[in-house]
Amino acid sequence: MYVCLCKGISDRHLRQSVEDGSHSWRQVQRETGCGTQCGKCACVGKQIVREAIHEKLSQEVQHLAYAV
């Protein structure tokens, strides 16, 4: 789904930015340009980025091993 029509950015671009190492909305904005022109997409973009970061952190936590 397109999130930013001004820059042609989709939710996949935002999620890929997080997978590539972005850890915040500002980093995703710098990398993709989403939300930097008219700003109407910023709320939706932030929500998608938050979800993607949460998913990534959840996957990383599942791979931790604990001594019993």
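Observations
- Residue match in the stretch 52-62 (condition: out of contact with any Phe, Trp or Tyr (no Cβ under 8 Å at 6 or more places or on another chain), at pLDDT 95 or above, at positive phi and not charged (D, E, K, R)): no
- Flag if G45 is part of a helix (DSSP H, G or I), in contact with a Cys (Cβ under 9 Å, 6 or more places away or on another chain) and of a type outside the set (K, R): yes
- Note on the stretch 13-63: among residues that are touching a His at 6+ places or on another chain (Cβ under 8 Å) and under 15 Å from M1 (Cβ atoms), the one that is least open to solvent (accessible area, probe 1.4 Å) is C34.
- Qualifying residues in the stretch 11-41 (those that are in contact (Cβ under 8 Å) with a residue 24 or more places away in the chain and of a type in the set (D, E)) - the one nearest to K56 (Cα to Cα): E19
The values are calculated or read from the model by the stated rules, or taken from the named source; none is laboratory data. In this text the structure is predicted, and so the values were computed from the model without any measurement. Because the Cβ atoms are built from the backbone with ideal geometry, glycine has one as well, and the counts that use them run over all protein chains shown. In case anyone asks, the SASA skips ligands and DNA or RNA and just uses the protein heavy atoms, side chains included. Shrake-Rupley method; radii C 1.70, N 1.55, O 1.52, S 1.80 Å.
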